[in-house]
Amino acid sequence: MNAQSSHLTIEPRLLPKHIALIMDGNGRWAKERGKARIFGHKAGVDALRKTVLGAARMGVQVLTLFAFSSENWRRPEKEVSLLMELFVSVLGREVKRLHKNGVKFNVMGDLTRFSSTLQEKISAAQLLTENNTGLILNIAANYGGQWDIFQAVQKIARQIESGEKRADEITEMDISDNLLTANLPDVDLMIRTSGECRISNFMLWQAAYAELYFTDQFWPDFDEDSLRKAVEWFIRRERRFGDAKENTGSMLEIK
Ligand code: IPE
Ligand code: IPE
Ligand code: MG
């Protein structure tokens with residue numbers, strides 16, 4: 001990887017450990033160009049590649065990308081099937097590159113509704129990259145935040161049912177530990193592109209104290225520089241976690 005656009009190095013301790021990103025605006029990007037929505041989704045893959053490499057270069061620990069929500073099945077069948085085809089072909093094309101860059105690939109969501117081909121490609125990619133120690137790239141596919149909490153509650157209920165735990169022993173940690181993000185840090189920074197200011201059922205529990213960053217850029221226009229802008233904005237936030245004291249602030253260091 002070569003040093004690119006920005007000469008700024010961000011001190012690792014200041015970086016958000018976990019960035020969650022709602023990649024939105026592919027359809028509008030295509031419409032502006034008089035093209036079909038799938039053209040926007042395809043262009044979105046280039047943005048994804050740039051953003052992942054940018055996050056890895058910056059030293060971010062975890063990047064979670066919202067690729068397909070549990071509500072996206074409501075879209076026209078044709079768009080859904082084209083998106084599924086795109087996922088399969090992107091997995092085929094990109095995984096080797098990710099592996100070369102030390103990225104650990106993970107998909108979170110209810111995968112049972114995907115085709116067996118897609119499920120196999122996902123497993124193979126996870127297996128290939130499982131020992132990598134670089135960026136953890138977590139793709140949310142057929143994911144919903146409410147569903148994630150629901151399935152955690154269901155697992156805990158089973159433990160109670162079997163007598164393994166008592167109801168009054170359950171803590172917030174039990175919920176965190178049973179979410180699909182069990183071993184990942186909470187979300188520090190949540191980014192959404194395309195000017196929409198909503199979370200759309202993404203990581204509701206994990207983003208309880210996330211800083212929320214909204215940009216008007218459509219997802220296909222997002223790149224490493226866009227990510228840096230969001231991270232630099234994050235570093236200037238004062239995170240209080242309910243406390244009243246001011247934090248000491250933090251600065252960017254010029255290389
Ligand atoms: C985001 O872009 C991609 C997915 C949800 C798969 P959209 O397809 O939502 O694009 P807009 O919001 O219609 O512009
Ligand atoms: C959220 O975008 C889901 C993904 C980016 C995968 P949507 O475009 O589906 O969200 P809404 O429908 O505008 O809330
Ligand atoms: Mg959208």
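The values are calculated or read from the model by the stated rules, or taken from the named source; none is laboratory data. Keep in mind it's a predicted model, so treat the numbers as computed, not measured. Glycine gets a Cβ as well: all are built from the backbone with ideal geometry, and neighbour counts include every protein chain shown. When the accessible area is computed, the model is the full protein with side chains, heavy atoms only, and any ligands, DNA or RNA have been set aside. Shrake-Rupley method; radii C 1.70, N 1.55, O 1.52, S 1.80 Å.
Say we look at segment 65-87 and pick out the residues that are more than 19 Å from Trp219 (Cα to Cα) and assigned to a helix (DSSP H, G or I); which of these is most open to solvent (accessible area, probe 1.4 Å)? Applying the filter and picking the extreme gives Arg74.
Check Val52, Val60, Val90 and return the single one that is buried (at least 17 other Cβ atoms within 10 Å of the Cβ), within 25 Å of Glu120 (Cα to Cα) and away from ligand 2 (no atom under 15 Å from the Cβ). If you could, list the steps in order and put the result at the bottom.
On the way: Val60 fails: within 25 Å of Glu120 (Cα to Cα); Val90 fails: away from ligand 2 (no atom under 15 Å from the Cβ).
When all the criteria are applied, what remains is Val52.
For segment 183-198, the set of residues classified as at negative phi, in contact with a helix residue (DSSP H, G or I) (Cβ under 9 Å, 6 or more places away or on another chain) and within 16 Å of ligand 1 (Cβ to nearest atom) consists of Ile191, Thr193, listed by residue number.
Out of all the residues in segment 63-80, which are among the small types (Gly, Ala, Ser) and within 8 Å of ligand 2 (Cβ to nearest atom)? Matches in segment 63-80: Ala67, Ser69. Looking across segment 220-237, just one residue is out of contact with any strand residue (DSSP E or B) (no Cβ under 9 Å at 6 or more places or on another chain), open to solvent by less than 30 Å² (accessible area, probe 1.4 Å) and within 16 Å of ligand 1 (Cβ to nearest atom), and that is Pro220.
Checking every residue in segment 199-215 against the condition of being buried (at least 16 other Cβ atoms within 10 Å of the Cβ), touching a residue at least 60 places away in the same chain (Cβ under 8 Å), touching a strand residue (DSSP E or B) at 6+ places or on another chain (Cβ under 7 Å) and on the phi > 0 side of the Ramachandran plot gives at least one match. Can you confirm whether Ile139 is crowded, with 18+ Cβ neighbours inside 10 Å, touching a residue at least 60 places away in the same chain (Cβ under 8 Å) and among the β-branched types (Val, Ile, Thr)? For Ile139, the condition - crowded, with 18+ Cβ neighbours inside 10 Å, touching a residue at least 60 places away in the same chain (Cβ under 8 Å) and among the β-branched types (Val, Ile, Thr) - is met.
Taking segment 203-219, which residues are assigned to a loop (DSSP other than H, G, I, E, B) and over 18 Å from His41 (Cβ atoms)?
The first filter runs over segment 203-219 and keeps only residues assigned to a loop (DSSP other than H, G, I, E, B), leaving 203-210, 215-218.
Within segment 203-219, Met203, Leu204, Trp205, Gln206, Ala207, Ala208, Tyr209, Ala210, Thr215, Asp216 qualify.
The set of residues in segment 18-39 that are open to solvent by 30 Å² or more (accessible area, probe 1.4 Å) and more than 13 Å from ligand 3 (Cβ to nearest atom) comprises Glu32, Arg33, Gly34, Lys35, Ala36, Ile38, Phe39.
The residues in segment 147-198 that are touching a residue at least 24 places away in the same chain (Cβ under 8 Å) and of a type in the set (Ser, Thr, Tyr) can be counted, and the count is 4.
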